[in-house]
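Report on one structure; see the data block that follows.
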Amino acid sequence: MINLSDQFTEVVSLIQQSRNRVMQQVNAELINLYWNVGAYISQKVARSEWGNGTVDQLADFIKQHHPDLRGFNRRGLYRMKQFYDTYQPLHEKVSAVLTQISWTNHLAILSQCKTNEERQFYLIQSAQEHYSSRELERQIDSGLFERTRLATAQLSDSVKQLPQQAADVFRDSYVFEFLDLPNRHTEADLQQALIRNLSKFLLETGRAFTLAGENVRIQVGNQDFYIDLLLYHRSLQCLVAVELKVTKFKPEHIGQLNFYLEALDRDYRLAHENPSIGLLLCASKESQVVEYALSRSLSPTLVADYSRELIDKHLLETKMAELYGAIEPLLQDKSTDSLTTDD
């Protein structure tokens, strides 16, 4: 008997795919239009052909003679100029992603990001992760840029030496404000809450991650061991073992995770996959203790803490300033050493 329901579903899928392509094309044309209008206004102003009030006159002209054209009021026109002025110096770097995100997301990035580096980060993230406007707002509010840059700057040597590029993949802190957990909770409580909110958990980690399993059993000798969460990263092409701790980070936590990574790479990793990575998620951590604990570890492991509420962005910005302030003299010393060697 012919299953018409499946065939009808295929037709609906074709319609939806075509609609999505049309919407993407419409969005690309709209962004290109706003770019061109912004460029025209910016160049006229730069050459002093237009004064401060000319843009207002243009908005009034459009409203009077073309009332059907929406979005071209004074505020809209100045936003288009800002859009062009902001990204024109970066055009070679960001041109490929400018038309891949919505105008609403562009406005959020323009209004809430302070530096070109931060804007470029959220442009790329929005295009790669297909953020809705609400999801992008959440990521900006949670300091995703700062948390990612902090993690990348503190990657251990064992992670940096991996064949896969792990930069900008992990976070220094993970924000789980969507978990309904009491102040006192167990590792099992945390694990089950993350599984119940899997889509939000993967939004926080990045959609390139997929869940490979929970309480994953690995057998070594005659003993069974269990990994709290096992993820797979499609771009890195590797397994990521996640160990959950509801206490402050302790150096001995590293040994357990290293053991899991060794077992995964020996017995579970496929031939085409890259070495596994460990992620230790704890309630809190002290950076110097983490640095010492990882300094002689040969296993690619990262340590991050988690928060059940949004982190103060000012605190993250301060941490970034302190970190890069400590790194800058080291970079200058390396530069000086290089010059001395060349001489």
So Asp60, is it farther than 16 Å from Thr104 by Cβ, under 29 Å from the mean Cα position of the chain (by Cα) and charged (D, E, K, R): no
Residue match in segment 116-128 (condition: in contact (Cβ under 8 Å) with a residue 60 or more places away in the chain and surrounded by fewer than 14 Cβ atoms within 10 Å (Cβ to Cβ)): no
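So is Gln82 under 27 Å from Leu203 (Cβ atoms) and surrounded by 14 or more Cβ atoms within 10 Å (Cβ to Cβ) or not?
In short, no.
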Any pair with Cβ under 8 angstrom, 6 or more apart, that starts in segment 10-35 at a residue that is under 30 Å from Asp85 (Cβ atoms) and ends at one that is assigned to a helix (DSSP H, G or I) and aliphatic (A, V, I, L, M): Ile31/Leu98; Tyr34/Met80; Trp35/Met80; Trp35/Leu98
Flag if Lys334 is of a type outside the set (Asp, Glu) and either modelled with pLDDT under 95 or open to solvent by 60 Å² or more (accessible area, probe 1.4 Å) (or both): yes
Of all residues making up segment 266-293, the number that are without any contact (Cβ under 8 Å) to a residue 60 or more places away in the chain, over 26 Å from Asp189 (Cα atoms) and either open to solvent by less than 50 Å² (accessible area, probe 1.4 Å) or of a type in the set (A, V, I, L, M) (or both): 5
Any pair with Cβ under 9 angstrom, 6 or more apart, that starts in segment 213-237 at a residue that is farther than 20 Å from Phe201 by Cα and ends at one that is part of a strand (DSSP E or B) and open to solvent by less than 20 Å² (accessible area, probe 1.4 Å): Arg217/Ile227; Ile218/Ile227; Asp224/Ile218; Phe225/Ile218; Tyr226/Ile218
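The values are calculated or read from the model by the stated rules, or taken from the named source; none is laboratory data. Computed from a predicted structure; not experimentally measured. Glycine also receives a Cβ, built like all others from the backbone with ideal geometry; neighbour counts cover every protein chain displayed. Side chains are part of the model used for accessible areas, which takes the heavy atoms of the whole protein and leaves out ligands, DNA and RNA. Shrake-Rupley method; radii C 1.70, N 1.55, O 1.52, S 1.80 Å.
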